[in-house]
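Visitor: First the structure, which I've put down as structure tokens, then a few questions once you've had a look.
The values are calculated or read from the model by the stated rules, or taken from the named source; none is laboratory data. No experiment lies behind these values; they were computed from the predicted model shown. Note: ideal-geometry Cβ built from the backbone for every residue, glycine included; neighbour counts use all protein chains shown.
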Amino acid sequence: MTTLRVRVWRGGRDGRFEAFEVPRGQSQTVLDVVTHIQRHLDPTLSYRFACRVGMCGSCAMTVNGTPRWTCRTHVDKVAKGGALEIGPLANLPVVKDLVCDMRDFFDKWARARGQFSPTATKADDFARVRPDSRPRLEADAGIECIGCGVCYAACDVVAWNRDYLGPAALNRAWTLVNDVRDGGQGARLAAVAGDAGCHACHTLMSCTEHCPKALSPTRAISGLKRATAAAVLSLPGDESP
Amino acid sequence: MMLAARNHPAWWAFLVHRLSGVALALFLPAHFLAMGLALQGEARLDEFLRWSEQPLVIAGEWVLVMLLAAHLTGGLRLLALELLPWRNWQKTLAALAGGFAVASGLLFLLAR
Amino acid sequence: MNPRREALLWVAQRATAVVLAFCVLVHLATIIYAVRGGLSAAEILGRTRGSVAWAAFYVLFVVAVAIHGAIGLRAVAAEWLGLRGKSAEWLMTGVGCALAVMGLRAVVAVFG
């Protein structure tokens, strides 16, 4: 088969799929296909990419129903019967065509207290953290996340629960819970507890299944469940903002 | 509907666990009411038990036993996932859970 | 969204799950044993009436299942039916209480 039949999402939320015929090539990736359409068939197609080599995560889209990095997805692997369907990432508002609005994703990262709270000053010596200590091993298992949004797009709880912080934000929170230098643990545990936080996770494990960096947010969220349970009496007992 | 993204063992394990839980929760009031028939005397309970000997009811009971076993084993898998140190062979747990559920159903069928 | 209450509900769900794992295994084994050769009210009630130990077991079973079922249904209602907020909380508390009342009535019926 020398041509691909490709359906591409056009427009915003109330858009539709548009069909294109794209010549197949050797070692062709889905990003190659999208690029070909924009350069040779329809210059009005909008999409995101940056590194093209599987480092930045910008090219994440929904390919035949699954969220993936398009630069790392070979057409041969996913095109069933010479057909491809490409859309923007799920669970995020569509800006245009294949571009989604990532603000919710990163806002939730902040709400989960996914930022480091320093305790040391310039006068203090370097922190000494053994790389083989339990907390550091747990943190190291999750710090390679580059915020591509694939896990968020794959998660059904994100779809069912608008407030759910999501696997990436919670995974980042867990890496910081395990950072012995961090001084914001109380606020962080309060932020990740609750039905918008770790307790909404039902271990569907779609995040772990689809993470392009083979991380396991499920593992991190399980850790948060244990941590919040251990600290349950110190969690705020009133409605949080 | 991202069906493709959902086609993996942990997702099916979740669905089975949730649906079996809902089914059991809906069944429980009927079960409690049936057992409560003993309040009206032994004869009344006997009448119900005789009714439950019908093939359709026995089939239903078998389904319930399977659902109960599936929910139990799925639940044990979840407890392991959430409370024990992380292991990457979680998928095997799902398979083991399924196996035990089927085994229980068969045992029940034999006994009945 | 009350973090402490959610965390406590999560703990309660897992704690009752552990209790129920034990109760369900005992119940499944008992049922499979009792069901051989058919069921009759006389057989059941002959075994259960006046048995304090079994009564206590089933009281524990009923209370655990009422809590566990209500918390579980709460999640399903919120995620699949969009039922959230104060009214949902009251509804779920009601479901739990109803299950407990019906179950305890059944325990009285069978063991009283």
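Visitor: Name every residue in segment C:7-43 that is within 30 Å of A:A191 (Cβ to Cβ) and basic (K, R), in order of residue number.
Guide: Within segment C:7-43, C:R14 is the sole residue that qualifies.
Visitor: Mind checking whether some residue in segment A:85-95 is among the small types (G, A, S) and in the same structural domain as A:G184 (by TED's automatic domain parsing)?
Guide: No, there is no match, as no residue in segment A:85-95 is among the small types (G, A, S) and in the same structural domain as A:G184 (by TED's automatic domain parsing).
Visitor: Which of the residues belonging to segment A:209-241 are without any contact (Cβ under 8 Å) to a residue 40 or more places away in the chain and in a helix (DSSP H, G or I)?
Guide: Correct list: A:S222, A:K225, A:R226, A:T228, A:A229, A:A230, A:V232, A:L233.
Visitor: Now, a different point. Has segment A:123-134 got any residue that is in contact with a helix residue (DSSP H, G or I) (Cβ under 9 Å, 6 or more places away or on another chain), in contact (Cβ under 8 Å) with a residue 60 or more places away in the chain and either within 16 Å of A:L165 (Cα to Cα) or part of a loop (DSSP other than H, G, I, E, B) (or both)?
Guide: Checking segment A:123-134: not a single residue is in contact with a helix residue (DSSP H, G or I) (Cβ under 9 Å, 6 or more places away or on another chain), in contact (Cβ under 8 Å) with a residue 60 or more places away in the chain and either within 16 Å of A:L165 (Cα to Cα) or part of a loop (DSSP other than H, G, I, E, B) (or both).
Visitor: What's the number of the condition A:D182 fails, among (1) more than 17 Å from A:L137 (Cα to Cα); (2) over 23 Å from the mean Cα position of the chain (by Cα)?
Guide: The one condition A:D182 does not meet is (1).
Visitor: Then there's this: Of all residues in segment B:41-53, which are under 17 Å from C:R49 (Cα atoms), more than 7 Å from chain C (Cβ to nearest Cβ) and not small (G, A, S)?
Guide: Scanning segment B:41-53 gives a single hit, B:R44.
Visitor: Counting just the residues of segment C:67-94 that are aliphatic (A, V, I, L, M) and within 8 Å of chain B (Cβ to nearest Cβ), which one comes out nearest to A:A196 (Cα to Cα)?
Guide: C:V76
Visitor: Is segment A:157-168 home to any residue that is at positive phi and either among the small types (G, A, S) or not assigned by TED's automatic domain parsing to the domain that holds A:G65 (or both)?
Guide: Yes, segment A:157-168 contains a residue that is at positive phi and either among the small types (G, A, S) or not assigned by TED's automatic domain parsing to the domain that holds A:G65 (or both).
Visitor: Counting just the residues of segment B:78-92 that are farther than 18 Å from A:C198 by Cα and within 11 Å of chain A (Cβ to nearest Cβ), which one comes out modelled with the lowest pLDDT?
Guide: B:K91
Visitor: May I pose another question? Do the conditions hold for C:V62, that is, is it aliphatic (A, V, I, L, M), within 10 Å of chain B (Cβ to nearest Cβ), closer than 23 Å to C:W10 by Cβ and in contact with a helix residue (DSSP H, G or I) (Cβ under 6 Å, 6 or more places away or on another chain)?
Guide: So C:V62 fits the description; yes.
Visitor: I've got another one for you. Only one residue in B:A38, B:A5, B:A23, B:A70 is part of a helix (DSSP H, G or I), modelled with pLDDT under 85 and either more than 14 Å from chain A (Cβ to nearest Cβ) or in contact with a Cys (Cβ under 8 Å, 6 or more places away or on another chain) (or both), so which one is that?
Guide: B:A38
Visitor: Just to be sure before I move on: is A:C56 surrounded by 17 or more Cβ atoms within 10 Å (Cβ to Cβ), among the hydrophobic types (A, V, I, L, M, F, W, C) and closer than 18 Å to A:L215 by Cα in the structure I sent?
Guide: Yes: the conditions hold for A:C56.
Visitor: Out of (1) at pLDDT 90 or above; (2) within 21 Å of A:C155 (Cα to Cα); (3) over 13 Å from the mean Cα position of the chain (by Cα), the odd one out for B:G75 is which?
Guide: Against the list (1) at pLDDT 90 or above; (2) within 21 Å of A:C155 (Cα to Cα); (3) over 13 Å from the mean Cα position of the chain (by Cα), B:G75 comes up short only on (3).
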